[in-house]
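Take a look at the structure below.
The values are calculated or read from the model by the stated rules, or taken from the named source; none is laboratory data. No experiment lies behind these values; they were computed from the predicted model shown. Neighbour counts are summed over all protein chains in view; Cβ atoms, including those assigned to glycine, are modelled from backbone coordinates with ideal geometry.
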Amino acid sequence: MNKYFTLFVSIFFLIFQGCGPSDEELARKKLDRARMLLQQNDTANALLQIDSIAGVYPKAQYSINAAKNLKKEILWEMLQQKGTELDSTNAQIPLLEKNFNREKTEYDRYALYIHKRQTFDRSWKRSYIQVVVNEKGDISLISNYNGTEWLNHVALRVYDKDLSARTDTVKLDEPDSHRSDFLDSKWEKVTFRNGRDNGVIQFIADNANLKLKAVFMGKQYYYIVLEDYDKKAAAEALALSGALKKCIEIENEIKQLQAKLNQVN
């Protein structure tokens, strides 16, 4: 009796299983779900649905092929959009570059953009804040002090009334801290790179309409009022930095999309 009952259950199970949806039908539902997500502009999740079809339903060959073709269309469209975005960003760069001199010495790994109002011949006799951008879009804040006494300054604070921003500290023995003298003149130059400006550049750009002051912070304090063209230079350097970095970012995204497109068989 048990043997017949077990046989009956097995036959019933096989019949019931045969009545269920096929892999092709289930895969087609996933594909429809992906198309719906595309209509909702949810490309990332649509691609996840497409990529899962071959793994979950390996026998659904028709849907697998349809999924590959849909993925090619998506990646190709994304590639075209990124190309247009890159062209648009590249077109902005010459307009931003016109306010800068592009310089590279034997000691520089990358070319530097120096604002035309902050070149050495215009500024060597004054104390001021300088913003420099390299060809990768990395931006640095430089405090230049010129006076008759050593400050040995290690930080910079920019402020107006209750608003202020302060750089990180660059110690005197660090490579980004430089000092030199000639006759009675003392020069100090401190570079705040890799984010060590701590938002001071953005603060200057955002508050360029205010009468911003800066204090060079060392064993003594030295105060200056920021010139309008120095504030403008900070804003223009930020814009150039953003455009250069965006170009590099888009170029990397294009390479990744091309590699993914090549992988789709």
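General observations
- Test: residue in the stretch 204-218 that is within 30 Å of Ser88 (Cα to Cα), of a type in the set (A, V, I, L, M) and part of a helix (DSSP H, G or I): yes
Residues checked against (1) part of a helix (DSSP H, G or I); (2) touching a Leu at 6+ places or on another chain (Cβ under 7 Å):
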position	(1), (2)
Ala54	yes, no
Ser63	yes, yes
Gln80	yes, no
Thr89	yes, no
Tyr110	no, no
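- Each residue in the stretch 146-186 was checked for being under 20 Å from Val225 (Cβ atoms) and not charged (D, E, K, R), and 13 of them qualify.
- Some residue of the stretch 67-89 being surrounded by 12 or more Cβ atoms within 10 Å (Cβ to Cβ) and over 25 Å from Ile250 (Cα atoms): yes
- For the stretch 172-195, the set of residues classified as under 28 Å from the mean Cα position of the chain (by Cα) and of a type outside the set (A, V, I, L, M) consists of Glu174, Pro175, Asp176, Ser177, Lys189, Thr191, Phe192, Arg193, Asn194, Gly195, listed by residue number.
- Test for Phe120: is it of a type outside the set (Ser, Thr, Tyr) and surrounded by fewer than 12 Cβ atoms within 10 Å (Cβ to Cβ): yes
- Failed item in (1) farther than 21 Å from Leu79 by Cα; (2) loosely packed, with under 10 Cβ neighbours inside 10 Å; (3) modelled with pLDDT of 90 or more, with Ser52 passing the rest: (2)
- Top-ranked residue of the stretch 170-213 - restricted to ones that are among the hydroxyl-bearing types (Ser, Thr, Tyr) and surrounded by 15 or more Cβ atoms within 10 Å (Cβ to Cβ), ranked as farthest from Asp138 (Cα to Cα): Ser177
- Here the condition is being surrounded by 15 or more Cβ atoms within 10 Å (Cβ to Cβ) and out of contact with any Leu (no Cβ under 9 Å at 6 or more places or on another chain); of Asn152, Asn146, it holds for Asn146 alone.
- No other residue among Asn144, Asn198, Asn152, Asn209 is on the phi > 0 side of the Ramachandran plot and over 26 Å from the mean Cα position of the chain (by Cα) apart from Asn152.
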